[in-house]
Every structure is written in structure tokens, then in C-alpha cells.
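Colleague: First the structure, which I've put down as C-alpha cells, then a few questions once you've had a look.
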Amino acid sequence: MFYVYVLYSLKDKKLYIGSTPDLRKRLHKHLTGYVLSTKNRQPLKLIYYEAYILESDSLRREKYLKSGAGRKLLALQLSDIYNKYKYCYSK
């Protein structure tokens, strides 16, 4: 399986969207500071993920979620979790 995931930084109140074939391993790397782009954004929370059979589908979805329309979709789909962590979508 291939995964698209969304992390929320409690420090800067922003999202990180990524993809991986091994979600547990990748999440562990994020949480232990081995990923440069999230190293200084700790603590992080996994707030969403999707699973795909084909890597090409997961990469396409990741690219979409990183777009303006994708972020708006996430804001709508995850509105309760955004409210819990006081995330404000601005773009």
C-alpha cells in the first residue's frame, strides 16, 4: 500500500502533506526529528491519511492536496480537527 498523510504542527499551526509506502516508519522519522522539513516543527500530530494500491495514485493525490483546491477540501473535510487544534486555513 501507498499512503498520503497529513501532519499538523502544534508549534506553527501548519500542515505537512506527504506520501510514503510505509506510514509507520515515516511517521516515526517525523516524530523523532529525522525529516528536515518537520524537524523544527515539533510536536506533530497525524490527523489524516489515505491508502492507495498504486504509488502513482498516491502521488497524484498528494500533489492535489498540496494545491489550493486540495487544502480547501481538507479544511472542509477536517473542520472538526482544525477547530480542536485552532488551525486557521488562510490562502
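None of the figures in this text is laboratory data; all of them are computed from the coordinates on show. Remember, predicted model here, so these are calculated numbers, not experimental data. Every residue, glycine among them, receives a Cβ derived from its backbone with ideal geometry; neighbour counts consider all protein chains shown.
Colleague: Treating the beta-carbon of each Lys and Arg as +1 and of each Asp and Glu as -1, no other charges, what is the dipole magnitude of the chain about its Cα centre, to the nearest 20 debye?
Modeller: Values: 19 positive and 7 negative charges, 86 e Å.
My answer is approximately 420 debye.
Colleague: Just going by the charge dipole of the stretch 2-85, with Lys and Arg at +1 and Asp and Glu at -1 on Cβ, which of Leu59, Leu36, Val4 is farthest out on the positive end?
Modeller: It is Leu36, whose Cα lies furthest towards the positive end.
Colleague: Can I ask one more? What translational diffusion coefficient, in µm²/s and rounded to a whole number, does the Stokes-Einstein relation yield for the chain at 37 °C and a viscosity of 0.692 mPa s, taking the hydrodynamic radius as the Kirkwood radius over Cα pairs? Present the calculation step by step, with values, prior to reporting the outcome.
Modeller: Working: Rh = 13.4 Å.
The calculation lands on 245 µm²/s.
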